[in-house]
1. Arranged by the count of other C-beta atoms within 10 angstrom, fewest first, what order do S276, S345, S54 take?
2. Take the residue pairs K323/K372; K69/K228; K189/K372 and return only those whose Cα atoms are more than 26 Å apart.
3. Using only the alpha carbon atoms of the chain, find the Kirkwood hydrodynamic radius as the inverse mean reciprocal pair distance, in angstroms to one decimal.
4. Taking 29 Å as the cut-off for C-alpha to C-alpha distance, list the pairs among K326/K404; K162/K326; K185/K324 that go past it.
5. Given N residues in the stretch 304-409, what is its alpha carbon radius of gyration divided by 2.2 N^0.38 Å?
6. DSSP beta bridges in the chain, what fraction antiparallel, as a percent rounded to 5?
7. What FRET efficiency would be calculated for the residue pair D409, S281, taking the C-beta separation as r and a Förster radius of 22 Å, to the nearest 0.05?
8. Suppose we take every Cα in the stretch 277-347 and form the convex hull; what volume per residue is that in Å³?
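No value in this document is a laboratory result; all are computed from the given coordinates. Note that the structure is predicted; figures quoted are calculated from it, not measured. We place every Cβ from the backbone using ideal geometry, glycine too, and count neighbours over all the protein chains shown.
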Amino acid sequence: MKRGIKFFRIMRKEDVMKKMNWMAILIYVLTMTFMVGLTHAADTIKLGASYGMSGRIGWIGGDCVEGAKLIIDEVNAKGGIKGKKIELVEYDTKNEPDTARTVIEKLIKKDEVVGILGPVTTTEVQTVTPVVEKNKIPFVVVSGGIEINEKILPEYKKEGKKSYMWALSVGTERQNEVKVLWLKKKGYKNLGNIEPLDQMGDLSQLTYKAWCKKYGLNVVAEERFDNKGTDFVTQMSKIKAANADSIGSMCSGAPAVTLVKNRDQVGMKNVPFMLSDANLSKRFIELLGENTANVYTVAAKIEFVSYLKDSDPQKKVITDFQKKFKEKYNKEPKSWFFAAVGYDSALMFIKAIEAVGIDGEKMRDWLEKQTKFEGAQAFYSWSNLDHRGIGVDQCSVMGIQGDKWVPVD
């Protein structure tokens, strides 16, 4: 009996030792995994991509991400930033405001990114801005409708606050300035304005008024319409009755096609119609059919690089970008504009980190001081009242020639 008890005690002791050994091994494995994670984190700088990459306009986010990866992979191949590799953490916002907010919070709290690329749409940007700015993370959005220069920056300056948002598209305000300057150059004097009943329409109406006043044109008619409508002859007839010799709108897509056709229906085919840059596609030209005469918009240089003079320093920057993109992906993006926005957004963060490190406020302050920052889309010049940075000299009015958009004099 005593011998049995003794054997039992020995077995228990051996079991305990085995358990202790297994515990030691487990602790060792967990510790090493944790240490590897720390080492990876220490050797990596994380940027976040919060683009919509699925659904009807998911291709926009796809182009942006490919553009961003192009410059990130290029920098990593050369050793990264001071020995640290850049990691792009990607999430699909589905171009939905609530999803975008969830994605942004995850990027900030879980992934601990130092800069964020995206979102795309204006409603997403409006939803996530308070979250990002509270955490002092610089972020670069696509939206042309967000009122960063027109409203946000002036208000922040008055309140002594700093905005961490940049928007890398020409934007409503600059587009309308370029259009009005071109109309003045061509001798037009009386503009009829027709805008959709939305925030973009409100902004466009205000900026057309401001630029016409500054450059000496008259706004002789102001009309609004519902984007869901299918006929706007009534509004167009009022513009004709006001003797408008030009028409301006920030309309895009199917409603813009209807507006142009209604213009021609009321006998104003020879009147220039200035539209949103969102219409810069062959598909839009196809939808217009026979109604392509005197239809215009505005584009940055990347949309007409083949027309630039060889002496223009930006021509080489753009062509080099396009060559590298095609070599890496063996294709062209659906839009060079969106691919360039992704590329330039990542490039901004890379250059800022190289200059001042990963502190969000220092990155923000450094970016705001940059003039002639060489991006693929434009040479940007930013300030405390301009976080788009694309000047009139970086743009051209575009007209339709055959099945293409081309710059016009």
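1. Result, fewest neighbours first: S54, S276, S345.
2. K69/K228; K189/K372
3. One over the average 1/r among Cα pairs gives 23.6 Å for the chain.
4. Over 29 Å Cα-Cα: K162/K326; K185/K324.
5. 1.20
6. If we restrict to bridges inside the chain, about 30 percent are antiparallel.
7. Efficiency computed from Cβ-Cβ geometry: 0.45.
8. Measuring per residue, one finds 113 Å³ for the Cα hull of the stretch 277-347.
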